[in-house]
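Reading through the structure tokens given below for one structure.
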Amino acid sequence: METLRNYKISETKEQIIQQLFIYRSLNIYQLYFFLNRLEIPSTYPHYSLDQLNRDKIRSLYNQLSQLKKSELVIESSKQPPKQYTLSEEGLSVAFQMNNIPEVEGYRRTGWNAEYGYFPYDLYRPVKERLQKHHQHAIDFNVMLQLICIKYDLEYDYIDNRYSSVEYNNEEKGKRIFRPDGEFIVKVKNSNEKFHFWLELDMGTEKSHLLFDKFEKYKQYLNYVSEGVSHTELKGSIPKSILFVTTSQKHIWARWQNVFRNYMNSIDKWGTYLNLYVCNMEMIEHLILAHIQSAKETNTKLNNNLRPLIQDKSFIGQPKPSNAVRQNTVIASFCNLYEEEEEALQWKPMFTLTQLSNKENQVFLYIKFDRYETNGISKVIDFFGKMKSIPSMKQVNAKDLIPVFYYADEKPKSLIFEGCDQIEQFKSIFKYYLWHNYDTNEWFDMNDHEIDSKIINPLNYFKGNNHR
């Protein structure tokens, strides 16, 4: 038992204080999950109290009662389940436990348990009107703990006390960029990490507030990117936003509202910053899809395309050609020249289908997982620049045919209602294909399945098959 600020505190009480210090306010069940991570129900956030260890719950109540009696912890809500928060004295104990001097300006990143000093105002009980939002954040963290245990991943998280940044905007002066948090998921024994900004959505923000939110992302990215390439940025800030909504049955409607405001505000950053919209039940699938290596995905895609480009009816590339450099590792795709990729600031993969007049249709392969924006932004970006790319000129590139590849559930069709550039977007996405790279299924933009044994999808738009 350790003595901190004249209090004798057991190891369990230290753990309780630490969790309240990190997460600000927790109920008894949330504390139980953070202290007993291996006992988080696999059905979380849906569970019954019968799934929990009652003796451990009872013991936690006793420990909290003692901490309340010592005036280190306070009850911060009267509605069950009660919320527990550190008192000012409890916060001072937490600072001592973490070797944090109580000095204004002692700032740290929050990553890897490197915590800084904040005044008690930022640890006070959460206001009633923000309580649901706070509970949403806690549920998210419990869910990520469960996923990382289940799949042997590493996870780190900072809330908006650490993720908030002041920046300068030419038009509006000093502003605060304040996402709800950031988190990193890492595959163990790997250098690869996946870094996200987090936005927690209660489904109540109207269009103008969503627009303002994403405009701040654009302004912040403009601010931090002065004189810096996208490649350099990737190592220092997230390249994705995880937008976790409470919507269950109406996520498609929520997605449309979020999507159009994102597209109307994000400008050139759409090809860098990917927005994922999901609810709590979709997080596991999304994280697993995200950490699946690009090499593994491209191998499957490559294997699916190989018979199609070897089909005698297919005339195009990547058959041997001097016009477009082939990738020797993923032989079913063509790539741009290195200097063209650098100018574009991303690396497209494509095949070419030759038309009778020697012009070529460009089939652009883009990852698309349920509700995400990056693939759409990349297609729009490529469409706008295709005619000026030297290698595209060499092959007489005419039409752009996006091929959205995915695993598991097929995304819904593309809808651009409410987007400022709706007519342009509709013309860009007049023709496109869906491809499930796990099952090797193909669909056209009208959701008609294409039997690749009868019709080569790479020839689908040469004739009248799609009409």
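The values are calculated or read from the model by the stated rules, or taken from the named source; none is laboratory data. Note that the structure is predicted; figures quoted are calculated from it, not measured. Heads up, the Cβs are rebuilt from the backbone with ideal geometry, glycines too, and the neighbour counts pull from every protein chain shown.
Couple of notes before you dig in:
- All positions within the range 379-423 that are assigned to a loop (DSSP other than H, G, I, E, B) and closer than 21 Å to Lys462 by Cβ: Val395, Asn396
- Residue match in the range 141-148 (condition: touching a residue at least 24 places away in the same chain (Cβ under 8 Å) and exposed (fewer than 13 other Cβ atoms within 10 Å of the Cβ)): no
- Pairs, first farther than 10 Å from Ala407 by Cα and in the same structural domain as Asn303 (by TED's automatic domain parsing) in the range 432-448, second of a type in the set (Gly, Ala, Ser) and surrounded by fewer than 21 Cβ atoms within 10 Å (Cβ to Cβ), C-beta under 6 Å, six or more apart: Trp442/Ser452
- Single residue of Val228, Val185 found to be surrounded by fewer than 17 Cβ atoms within 10 Å (Cβ to Cβ), outside the structural domain of Thr373 (by TED's automatic domain parsing) and among the β-branched types (Val, Ile, Thr): Val228
- Residue within the range 191-206 that is among the polar types (S, T, N, Q), in the same structural domain as Thr246 (by TED's automatic domain parsing) and surrounded by 17 or more Cβ atoms within 10 Å (Cβ to Cβ) present: no
- Near pairs, Cβ below 8 angstrom, 6+ apart or cross-chain, from the range 335-360 (on the phi > 0 side of the Ramachandran plot and in the same structural domain as Ser377 (by TED's automatic domain parsing)) to any residue that is loosely packed, with under 14 Cβ neighbours inside 10 Å and not in a helix (DSSP H, G or I): Gln345/Ser229
- Here Val362, Val403 are screened, and the one residue that is among the aliphatic types (A, V, I, L, M), under 25 Å from His285 (Cβ atoms) and modelled with pLDDT of 95 or more is Val403.
- Long-range neighbours under 7 Å by Cβ, at least six apart or interchain, first residue within 26 Å of Ser236 (Cβ to Cβ) within the range 96-113, second among the charged types (D, E, K, R): Arg108/Glu114; Trp111/Asp156; Asn112/Asp156
- Residue among Val244, Val277 that alone is under 23 Å from Gln421 (Cβ atoms), among the β-branched types (Val, Ile, Thr), touching a strand residue (DSSP E or B) at 6+ places or on another chain (Cβ under 7 Å) and buried (at least 21 other Cβ atoms within 10 Å of the Cβ): Val277
- Looking only at the range 37-54, residues that are surrounded by 14 or more Cβ atoms within 10 Å (Cβ to Cβ) and farther than 10 Å from Met143 by Cα come to 2 in all.
- Test for Asn303: is it more than 21 Å from Val165 (Cα to Cα), surrounded by fewer than 17 Cβ atoms within 10 Å (Cβ to Cβ) and modelled with pLDDT under 95: yes
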